[in-house]
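Asker: Supplied in structure tokens, the structure appears directly below.
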Amino acid sequence: MEMKEMIKKGTTTVGLICDGGVVLASEKRATMGSFIASKAAKKIYQVDDRVGITTAGVVGDAQTLIRAISVEAKLYRIRRQESMTVRAITTLLSNVLSAQRIFPYIVQLLVGGIDRNGAHIYSIDPFGGNTAERDIAATGSGSPIAYGVLEDRYSPDLSVDDGIALAIQSLHSAMKRDSASGEEIEVVAITKEKYEEVSEDKIKSIRESLN
């Protein structure tokens, strides 16, 4: 049996580009097959001032990649006196993953953020293939359900607040049908002004309005 078949994983993460920003969101359940290993797993990481990454897959692999890219982004900023673009961060991650094709990192990533060229979201597969997403993206076992909500209700002119609500709604729907997705939700909003973690109270209020 291949390594990828032996490692059972599941999650749901989403990202969308709004008018004036990027929203990244994820639920917090971590599973090992049918066993719920954690109910408070962190799946969104800040790797630069205005760039975040959502992770789906093997936790150890994801954390190793996050540590490496965070260091590279800091070194680049020190040397060049400016931040890496979202595309540059994505390309670096893609190169690292592509170099590990024999013993791959079992991860699927969404890289989202704002740079001097505007707002961007990229999806990256375990072998380094990356795709520039124009508007919405989702990863993990619950992504087909999340995509159903996102594609039905997304509009490029959504405000950041409306984008936050839509991201939460898409996760809320996925969590109802995908057993590997559940528990709480974490959301990050990225604008030119700041990288902000959405408060638990705001997330709870939006979820309650969906019931």
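Each value in this text was obtained by applying a stated rule to the coordinates, not by laboratory testing. Predicted model only: the values in this text are computed from it and were never measured. Note that we place each Cβ from the backbone using ideal geometry, even for glycine, and neighbour counts take in every protein chain shown.
Asker: Which residue, chosen from T139, A30, L97, occupies the Cα position most advanced towards the positive end of the dipole of region 3-210, where the dipole is computed from +1 (Lys, Arg) and -1 (Asp, Glu) charges on Cβ about the Cα centre?
Answerer: The Cα lying farthest towards the positive end belongs to L97.
Asker: For region 94-146 and region 48-63, what is the centre-to-centre distance using only Cα atoms, to the nearest Å?
Answerer: Each part reduced to its Cα centre gives a spacing of 10 Å.
Asker: Quote to one decimal, in nm, the extra length available between E200 and R153 on full extension: 0.36 nm per residue of separation minus the C-alpha distance between them.
Answerer: Gain on stretching E200 to R153: 14.6 nm.
Asker: Right, next: From the square roots a ≥ b ≥ c of the eigenvalues of the alpha-carbon gyration tensor of region 45-145, which class results: rounded (a/c under 1.5), prolate (a/b over b/c), or oblate?
Answerer: oblate
Asker: Further question: Only four residue types carry charge here, +1 at the Cβ of Lys and Arg and -1 at the Cβ of Asp and Glu. Report the dipole size of region 76-135 about the Cα centre in Debye, rounded to the nearest 20.
Answerer: Dipole magnitude for region 76-135 comes out near 280 debye.
Asker: At a 10 Å Cβ-Cβ cut-off, how would you order M32, M84, fewest neighbours first?
Answerer: Going from sparsest to densest Cβ surroundings: M32, M84.
Asker: For the chain, place one equal point scatterer on every Cα, skip the solvent, and apply the Debye formula. What is log10 of I(q)/I(0) at q = 0.10, 0.17, 0.19 Å⁻¹?
Answerer: Taken in order of the listed q values, log10 I(q)/I(0) reads -0.39, -1.15, -1.42.
Asker: Does anything in region 42-64 have its amide N under 15 Å from the 7 Å Cα→Cβ label point of T191, and if so which residues?
Answerer: 50
Asker: Quick check of the Kirkwood formula: for region 37-94, what is the inverse mean of 1/r over all pairs of different Cα atoms, in Å?
Answerer: Every distinct Cα pair counted, the radius reaches 12.1 Å.
Asker: Another question about this same structure. Once you charge only the Cβ atoms, +1 for Lys and Arg and -1 for Asp and Glu, what is the size of the charge dipole of the chain about its Cα centre, to the nearest 20 debye?
Answerer: Value, rounded to 20: 640 debye.
Asker: Hey, another quick one. I need the fraction of alpha carbon pairs in region 156-211 separated by more than 19 Å, rounded to a whole percent.
Answerer: 30
Asker: Let me ask something else about it. In cubic angstrom, how much convex hull volume per residue do the alpha carbon atoms of region 79-125 span?
Answerer: Given the Cα convex hull of region 79-125, per-residue volume reads 72 Å³.
Asker: Between S179, Q108, Y122, whose Cα lies farthest towards the positive end of the dipole of the chain when Lys and Arg beta carbons carry +1 and Asp and Glu beta carbons carry -1, centred on the Cα centre?
Answerer: The one lying farthest along the dipole's positive direction is Q108.
Asker: Can I ask one more? Quick check for you: which residues of region 111-149 have the amide N under 20 Å from the point 7 Å beyond the Cα of R177 toward its beta carbon?
Answerer: 136-149
Asker: Output the pairs from K43/K192; K28/K194; K176/K204 with a Cα-Cα distance over 20 Å in this structure; if there are none, say none.
Answerer: Result: K43/K192; K28/K194 exceed 20 Å.
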